[in-house]
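These notes are about the structure you will find just below.
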């Protein structure tokens with residue numbers, strides 16, 4: 001029996017073996033996990049800091065905020081190239097570039113020799129027709145008195161029936177001639193009016209008040225309201241612009257047209273005067289798109305009239321959004337670049353700089369204004385956040401701020 005005791009000691013209890021095996025496997029897994037975490041930490045440290053671009057969280061500023069920027073030109077809604085209504089040779093041109101003119105002011109004269117002669121002829125014909133009318137009226141009055149005498153004589157049996165009929169016929173004939181001559185006078189008066197219009201057409205006047213921006217013809221040149229072929233006939237005398245009709249026209253990318261609305265406030269800056277901010281507002285969005293450029297035209301009203309505004313000037317505009325919740329201080333939060341926010345699970349996070357490391361932080365973002373976004377909770381003013389965080393960036397990683405300016 002004593003010889004078998006050592007063998008019994010070598011007997012393996014199957015229950016103890018199974019439990020010990022499980023504990024061993026869990027121990028091995030724990031060691032591997034710790035090693036992996038340690039190795040990952042060592043790897044991340046050994047790789048060095050990750051370069052990131054940072055921005056500073058700022059408190060919302062009062063007043064309107066730009067939601068979209070665009071470029072365009074100053075244009076004149078009321079502009080005309082002035083020409084004559086008839087073809088003729090210019091006798092006199094009374095305009096120069098840059099000169100202000102009033103409505104109906106004389107701009108040029110055509111050679112009026114033929115038109116003047118036609119007008120004088122029409123007036124002479126009218127005078128002759130009126131004289132003839134007067135003559136017929138006198139004859140008619142005389143015939144009526146004769147008819148009256150013949151009627152009295154006939155009533156006393158002192159005149160024949162034939163004499164009475166002849167007097168009556170004379171009155172009727174002259175009455176008909178009088179009406180015909182009156183019609184002739186009206187025709188002559190119309191001819192005078194036509195001749196007068198032709199004569200007036202030799203004078204070119206300003207259709208509205210404005211400024212002459214181009215002088216296209218000189219005395220002695222032939223002008224015509226339409227092209228006559230060749231290069232010797234002018235179709236215009238000058239161009240006039242109504243400076244009170246100036247407005248701004250811009251092309252907005254159709255992907256951002258939803259940020260523009262009628263009567264929206266706008267700030268405009270001329271390329272020629274970058275320090276001058278012009279208040280303006282949206283007049284209308286032209287309801288058609290340019291398929292070649294994928295843009296939509298927007299008309300903008302200029303609130304301030306100024307002589308520095310000139311047609312075809314380049315201009316940069318900012319479409320504004322007056323957020324009253326921000327401007328009156330009723331909304332807490334900060335503004336950061338929209339690209340700094342990363343969607344994570346059911347919420348949103350940002351990476352905040354803590355020395356040379358980043359800390360993941362849950363935030364509650366609000367509406368987006370331009371390329372920035374309002375964060376109601378989770379951030380304080382002047383904290384630095386990572387703009388466009390890399391996909392590999394995680395909580396606790398070491399970073400090196402770099403890139404653009406540290407502002408939203």
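Checked against the criterion of being touching a helix residue (DSSP H, G or I) at 6+ places or on another chain (Cβ under 7 Å), in a helix (DSSP H, G or I) and within 16 Å of residue 85 (Cβ to Cβ), the candidates 195, 163, 167 yield just one match: 195.
In region 307-337, which residues are at pLDDT 85 or above and either under 30 Å from residue 363 (Cα atoms) or out of contact with any strand residue (DSSP E or B) (no Cβ under 8 Å at 6 or more places or on another chain) (or both)? Within region 307-337, 307, 318, 319, 320, 334, 335, 336, 337 meet the criteria. Hey, residue 404 hits all of (1) more than 16 Å from residue 333 (Cβ to Cβ); (2) in a loop (DSSP other than H, G, I, E, B); (3) at pLDDT 85 or above; (4) under 42 Å from the mean Cα position of the chain (by Cα) but one; which does it fall short on? Only one criterion is unmet by residue 404, namely (3). Exactly one residue out of 121, 178, 110 is at pLDDT 90 or above, surrounded by 13 or more Cβ atoms within 10 Å (Cβ to Cβ) and closer than 30 Å to residue 238 by Cβ, and it is 110. All of (1) modelled with pLDDT of 90 or more; (2) within 29 Å of the chain's Cα centre (by Cα); (3) surrounded by 17 or more Cβ atoms within 10 Å (Cβ to Cβ) hold for residue 294 with one exception: (3).
The values are calculated or read from the model by the stated rules, or taken from the named source; none is laboratory data. Model, not experiment: these values are computed from the prediction. Here Cβ is always computed from backbone atoms with ideal geometry, including for glycine, and neighbour counts include all displayed protein chains.
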